[in-house]
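**Q** Dropping the structure in here first, questions after.
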Amino acid sequence: MVVPRSSRLIASDDDFSLFGVVVFKRTHDDFAQGCRENKFILRDFVYSEEEMIKQQEELRTADTTEKELWTELLRMSRTNFSESFKILVHLKVVRLFVESVLRYGLPANYLGLIIKPDPKVTKKTFTLLQAHFTYLSPRSNRSSTKGSRVEGEEYIGEYQSLMDQEFFDFVLFEVPWIVY
């Protein structure tokens, strides 16, 4: 029925497998009937040079379109990333202003700083900042930190994530840096 050594697995997934086989013309009907009896789905393949050329042309067109779209995506990503980063930093500055005024009661003419420490000395810089700003400790409302919660007291509602934050004697926000 089937030409010896002609069956080969073309594709497979969790549920189905696609096999290609070569069958003699005289036994085609018997093979098709046997496939149906064993609940296999039989599809005939007819080779056509015109269809092959058409499919290759469609593949080339799709490849060209993909390259054009990728170039456009890359261009838009470069443009919009800088805008998004500017917006992120702007939001961090606004949050710095609001928290400084509301948490510490500072006047609106305070000084905000941006510090980008070397990764090796990040902990040392943080320790120096804590030591320098200890005089703000009475204003920082540290009684609401995680460690000083009374047993059984729970914060519920929309401000729970705010209450679970770690508080310092100064306002600290980290801006995520993606460096390649």
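**Q** Given the conditions (1) at pLDDT below 70; (2) in a helix (DSSP H, G or I); (3) open to solvent by less than 80 Å² (accessible area, probe 1.4 Å), and given that S143 satisfies all but one, which numbered condition is not satisfied?
**A** Here S143 clears every test but (3).
**Q** Next question. Any residue that is open to solvent by 70 Å² or more (accessible area, probe 1.4 Å), among the hydrophobic types (A, V, I, L, M, F, W, C), within 21 Å of S6 (Cα to Cα) and free of Cβ contacts under 8 Å to residues at least 24 places away in the same chain - is there at least one of those in segment 29-43?
**A** First, the residues of segment 29-43 that are open to solvent by 70 Å² or more (accessible area, probe 1.4 Å): 29-30, 33, 36-41, 43.
Cutting the leftovers down to among the hydrophobic types (A, V, I, L, M, F, W, C) gives us 40-41.
Checking which are within 21 Å of S6 (Cα to Cα) leaves us with 40-41.
So of that shortlist, the ones also free of Cβ contacts under 8 Å to residues at least 24 places away in the same chain come out as 40-41.
For segment 29-43, residues open to solvent by 70 Å² or more (accessible area, probe 1.4 Å), among the hydrophobic types (A, V, I, L, M, F, W, C), within 21 Å of S6 (Cα to Cα) and free of Cβ contacts under 8 Å to residues at least 24 places away in the same chain: present.
**Q** Let me ask another. Can you find a residue in segment 71-86 that is among the aliphatic types (A, V, I, L, M), without any contact (Cβ under 8 Å) to a residue 12 or more places away in the chain and not in a helix (DSSP H, G or I)? Break it down stepwise before answering.
**A** Filtering segment 71-86 down to residues among the aliphatic types (A, V, I, L, M) leaves 73-74, 76.
Going one step further and asking which of them are without any contact (Cβ under 8 Å) to a residue 12 or more places away in the chain, we end up with 73-74, 76.
Still in the running and not in a helix (DSSP H, G or I): none.
No, that holds for no residue.
**Q** Would you confirm whether any residue within segment 64-77 is more than 25 Å from the chain's Cα centre (by Cα) and either of a type outside the set (V, I, T) or farther than 20 Å from P176 by Cα (or both)? Break it down into steps so the answer makes sense when it comes.
**A** Looking only at segment 64-77, we keep the residues that are more than 25 Å from the chain's Cα centre (by Cα), and these are 64.
Checking which are either of a type outside the set (V, I, T) or farther than 20 Å from P176 by Cα (or both) leaves us with 64.
The answer is yes, given that some residue of segment 64-77 is more than 25 Å from the chain's Cα centre (by Cα) and either of a type outside the set (V, I, T) or farther than 20 Å from P176 by Cα (or both).
**Q** Among the listed residues T64, T71, T79, T125, which satisfies the condition of being surrounded by 12 or more Cβ atoms within 10 Å (Cβ to Cβ) and not basic (K, R)? Before you say what the answer is, go through the steps one by one.
**A** Details: T64 fails: surrounded by 12 or more Cβ atoms within 10 Å (Cβ to Cβ); T71 fails: surrounded by 12 or more Cβ atoms within 10 Å (Cβ to Cβ); T79 fails: surrounded by 12 or more Cβ atoms within 10 Å (Cβ to Cβ).
Matching residue, one of T64, T71, T79, T125: T125.
The values are calculated or read from the model by the stated rules, or taken from the named source; none is laboratory data. Everything numeric here is computed off the predicted structure, so don't read it as measured data. Positions of Cβ are generated from backbone atoms using ideal geometry, with glycine treated the same way; all protein chains shown enter the neighbour counts. We work out accessible area using only protein heavy atoms, side chains counted, and drop any ligands, DNA or RNA first. Shrake-Rupley method; radii C 1.70, N 1.55, O 1.52, S 1.80 Å.
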